[in-house]
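Coordinate-derived values only; no laboratory data. Note that this is a predicted model, so its numbers are computed, not measured. Here the Cβ positions follow ideal geometry from the backbone for every residue, glycine too, while neighbour counts run over all protein chains shown.
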Amino acid sequence: MEKQNQLVEFDNVHPVAPVSREPVTVMSVWRLVQVNWKSGERTRHLVGHANGEGRVCSDIHQFDLEAMTAITRSGRKYRLVGEPGRDRDASYVFRVWLSYQEPGQVRDMTQALMRLRRQRHQVNLPPDRR
């Protein structure tokens with residue numbers, strides 16, 4: 001039995017609909033994680049709640065800070081809604097997904113992303129001259 005079937009059969013985690021059927025996904029209670037692989041490669045993934053369940057996206061290739069959207073390697077577009085957070089089901093899916101990989105280090109990048117977004121949206125107002 002190949003690993004993908006074991007993942008589905010034993011861990012209650014399943015593949016998502018193909019991009020052709022679900023080109024855009026809305027994700028809430030999300031976070032951004034970076035995986036530093038033993039091979040030296042570094043990828044970033046969204047982990048959150050989408051379509052009533054936990055979801056981990058394939059590696060992100062583009063991110064639009066203003067629109068809060070990401071386009072993944074698979075071509076799917078994720079639209080982030082609401083504030084970041086930890087979804088219990090998504091965290092479970094992420095742990096299972098990692099257990100079938102060979103990650104080196106995993107780092108939560110959510111706060112760094114939100115800091116960058118705030119910096120880009122800062123408005124420089126002139127000082128109050130009373």
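Assuming R0 = 30 Å, can you tell me the calculated FRET efficiency for the pair D89 and S20, based on Cβ-Cβ distance, to the nearest 0.05? Plugging the Cβ-Cβ distance into 1/(1 + (r/R0)^6) gives 0.75.
Here r is the Cβ-Cβ distance between N36 and Q111 and R0 is 25 Å; the resulting FRET efficiency, rounded to 0.05, is 0.90.
Between I71 and N12, the FRET efficiency from the beta-carbon distance, with R0 = 25 Å, is close to 0.35.
Computed from phi, the 3J(HN,Hα) profile of the stretch 77-87 under the Karplus parametrisation 6.51, -1.76, 1.60 (θ = phi - 60°) reads 9, 9, 9, 8, 10, x, 7, x, x, 10, 8 Hz, with x in place of Gly and Pro.
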